[in-house]
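Taking it in order: structure first as structure tokens, then the write-up.
The values are calculated or read from the model by the stated rules, or taken from the named source; none is laboratory data. Everything quoted here is computed from the prediction, not taken from an experiment. Note that each Cβ is placed from the backbone with ideal geometry, even for glycine, and that neighbours are counted across all protein chains shown.
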Amino acid sequence: MKIRWRNKLVKPKRLTTKEDVVVAVSAPITNEEIKERTEQYPLLTPKRFATKFNDLLFKPVQFQWNGISNTIQVNQCTNPYCKWFGMGQEKFPVKGKPSRYKLSGTGESKTIKCNPDPVHPTRGMTLDCHTRTFSNWSVAEEISRLVSLETVKEVEPEYIFHKEGCVSEGLTPFNEPKGFYKQGKSKVGAQRWQCKSCEKKTNIMPNTKQSITYNQQKNDIVPTFAKLLLNKTPVSRTCEILGIGRGTYYQKLEWLYRRCLEFIERYETKPLKQTSFDEIWLNTDKMTYLLNNVRRKGMGGKKYDSVEDTQFPTNVVITAEVFSRYIFRSDIAYDWNASMEDIALDTVLFKEDHLNEFAKRHARLRFSHYPQPPSHNDTQTKEEYHRELLKVERRDKYIEGLHVNSTYTTMAHYWLIKQLLNASEWRFVTDRDSSLMTACYRMFAKEFKLTDAHHFISQTNKTKTRKQAYEEFKQAQQDLYDWGVTNGHTTRSLRKLAYMYLEDTFQRHQFHEEIHTATHSYNQYASNPIEHPLATPDRGFREVDGTTDLSSLEPSDIANLILEVNDNAVNTFIQNIRRRLSILERPLMTARGDGKSYIYSNFNPKYAQMALTILRTHYNFCMPFTTKEGKKKTVKTPAQRLGITDKVFDLKDIIYFR
């Protein structure tokens, strides 16, 4: 008789697999609609078929996570100045029943256009916005992927405590310990039991603390392995130093990754659920690295002459808290569990090759459908079909998985941060990356509409030399001192002078423009940035802009906000990635000097994601940095500054859960 272990306090954990359903996404179409699609597929042209089945554009998608039902619907206006911003589709009860949005565009570049308000035309203004459409279903699938990445599951061992026919077959050491003898402990300290009736001996799986060395050969090398990993030692050099093979290297990497997830669950997720922030500043940016694209085993040789690009630009989305520099998430836009077989099955079932992108389950992936032979009324020729099929088949010969559209990853990234943090006021800082901005507007639409959130742009000219940047830094200091003297300010504090300079500037400067009509007036974004008065030694001057409506704030309030706008938090972490992880470092120049070499670049994004999570954990909890608070210098880790812990951890605390 097999008995499952029910003691949750001591269960060891494992990484999730593709078979584990951590987030259950409900298909937004019924069996009746699937049947109708099958019937209409050979009868309609692709355009008419896509038009007939485009109702998923504004249909919310439901998914279950931790027993809680959630819905996602991202197709709405993303212009914070438009009166339809953040609002779903609606038909108005007037003549003709016009809708809030109209679908426009051709091919894959479908957008929703904001129609005028037929009910209250003088309340606010619709700005004829064109907003790109996305698949709600695919956003939910991307959320599911990111959740699974950072979820560990409890191991559910099954025990047989008795021989067949034992009279005590129903007893276990957990419900009736008196029916068993204790027969010492295993090498890792787990208890061994013996049935008093049939004398069968059974070893119990070790608990969390005991499992440090369970099924782990050479466990004593893990602290050294972690240090080598976080200090830019290449895989081959690490194997030489530790005397291990590559298989053992990646086994240790996965084990350390799991320990970091368990550590984060205890010291990040739980404390943040009990912490509330009056105001939180989030800085988000993307880092691009080149993924080495190698052929899968058995796909080499002369018969595979068709080749893909050898390097793929791969995006990493990172969000940090501006003041503490705490890194909340770092997600790679790549799904290594995605397979052409799954895409092909869904294409056949849902007829996705004839749907608009916003109606597809796999719209987030590089290949959103699998090419199908032209149907009877298809507008695609056989030659076009074979060219499309060749691209898919060629891709399938290379490293497993597919790139994800970074906008989908960013939307899922923001949605999860929103679930993680409890904040009354939200402040966002990004560069002019449209994928970051649109994701932010969609995931926090309610907060922006209530003016509980504001978004700012911090943009730096990256073509400057270090010398030019330093000269601008010195010039900015002198300009502030000169301005202070001219305006009668005696303070020598650059920060105070910068605040007063900004307060004076916003007496005249606005980030929006006022539009006056015959019936009313309204505001719209003016793209009117200013130069931040505090330059930095390494990047010089930077431009800052406010993309949300700040007209209700006083110049002093706007000055306080703009003073804090910077992207130092994420930039610092990206520099640590480049300098500490060999598989994500910048390319090296070749010996000839005629090109770049990516010899250390990772060929499997799964291991890059693991390394990033390990670095993020070490960076947040183990790496203090010095700042000046008033006249005193403080040395704290990002986690201490955020207020979720009161100590500096080290690698052994993470590895051994001390």
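Here are some notes:
- Exactly one residue out of 344, 363 is assigned to a helix (DSSP H, G or I) and among the small types (Gly, Ala, Ser), and it is 344.
- Of the candidates 80, 28, 60, the single residue that is surrounded by fewer than 17 Cβ atoms within 10 Å (Cβ to Cβ) and under 30 Å from residue 444 (Cβ atoms) is 60.
- Whichever residue in the range 225-238 is buried (at least 18 other Cβ atoms within 10 Å of the Cβ) and without any contact (Cβ under 8 Å) to a residue 60 or more places away in the chain and, among such residues, is farthest from residue 585 (Cα to Cα): 225
- Looking across the range 307-337, the residues that are among the small types (Gly, Ala, Ser) and either at pLDDT below 95 or within 11 Å of residue 286 (Cβ to Cβ) (or both) come down to 330, 333.
- Evaluation of residue 583 against (1) among the β-branched types (Val, Ile, Thr); (2) more than 24 Å from residue 404 (Cα to Cα); (3) modelled with pLDDT under 95; (4) touching a Phe, Trp or Tyr at 6+ places or on another chain (Cβ under 9 Å) (one fails), failing number: (2)
- Of all residues assigned to the range 443-462, none qualifies as being among the hydroxyl-bearing types (Ser, Thr, Tyr), over 30 Å from residue 60 (Cα atoms) and either touching a Gly at 6+ places or on another chain (Cβ under 6 Å) or free of Cβ contacts under 8 Å to residues at least 24 places away in the same chain (or both).
- Subset of the range 618-642 [surrounded by 13 or more Cβ atoms within 10 Å (Cβ to Cβ), at pLDDT below 95 and over 23 Å from residue 226 (Cβ atoms)]: 627, 634
- Count of residues meeting criterion [surrounded by 15 or more Cβ atoms within 10 Å (Cβ to Cβ) and in a loop (DSSP other than H, G, I, E, B)] in the range 96-117: 5
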